[in-house]
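Here is the structure we will look at.
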Amino acid sequence: MAEGQEQFEEYNGFMIRVIAVPEYSPHPPNIPFAYAGYVARPGADVRYAPRKVSFAHPFADLLTAEAAEQAGFAEGRSIIDGSHPEGLNTKGL
């Protein structure tokens with residue numbers, strides 16, 4: 001994990017992008033994190049909303065950047081699998 005840099009994971013034909021966001025920056029140790037990310041097909045032009053599914057956890061309640069990234073990847077996988085609790089999915093991508 002390189003703090004402040006987006007992380008990528010390929011999963012079932014999709015790319016998940018996640019970035020951990022500290023509660024505030026610059027930050028001392030032990031500051032909680034949130035995350036933002038999206039799911040898209042590899043090589044898709046993600047500048048256009050119909051080419052991606054965006055998601056975020058805006059509450060900085062995750063204890064480390066790594067925990068935020070892992071939670072973000074889990075949410076991205078749930079979108080791809082069709083099990084996201086808010087009904088987000090990859091239909092149409």
>> Looking for something out of contact with any Phe, Trp or Tyr (no Cβ under 9 Å at 6 or more places or on another chain), farther than 26 Å from T90 by Cα and either aromatic (F, W, Y) or surrounded by 15 or more Cβ atoms within 10 Å (Cβ to Cβ) (or both) - is there at least one such residue anywhere in segment 17-32?
In response: yes
>> Here's a check for you: in segment 1-16, which residue that is among the hydrophobic types (A, V, I, L, M, F, W, C) and not in a loop (DSSP other than H, G, I, E, B) is surrounded by the fewest Cβ atoms within 10 Å (Cβ to Cβ)?
In response: F8
>> Looking at segment 72-86 only, could you name the residues that are crowded, with 17+ Cβ neighbours inside 10 Å and in a helix (DSSP H, G or I)?
In response: G72, F73, E75, G76, R77, S78, I79, I80
>> Could you check segment 23-43 and list, in sequence order, the residues that are more than 17 Å from I79 (Cα to Cα) and either outside any strand (DSSP E or B) or at pLDDT below 90 (or both)?
In response: E23, Y24, S25, P26, H27, P28, P29, N30, I31, P32, G43
>> Suppose we filter V39, V46, V53 for residues that are touching a Lys or Arg at 6+ places or on another chain (Cβ under 9 Å), closer than 17 Å to P85 by Cβ, surrounded by 13 or more Cβ atoms within 10 Å (Cβ to Cβ) and hydrophobic (A, V, I, L, M, F, W, C); which single one remains?
In response: V39
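The values are calculated or read from the model by the stated rules, or taken from the named source; none is laboratory data. All figures in this text were calculated on a predicted structure; none of them were measured in a lab. Note that each Cβ is placed from the backbone with ideal geometry, even for glycine, and that neighbours are counted across all protein chains shown.
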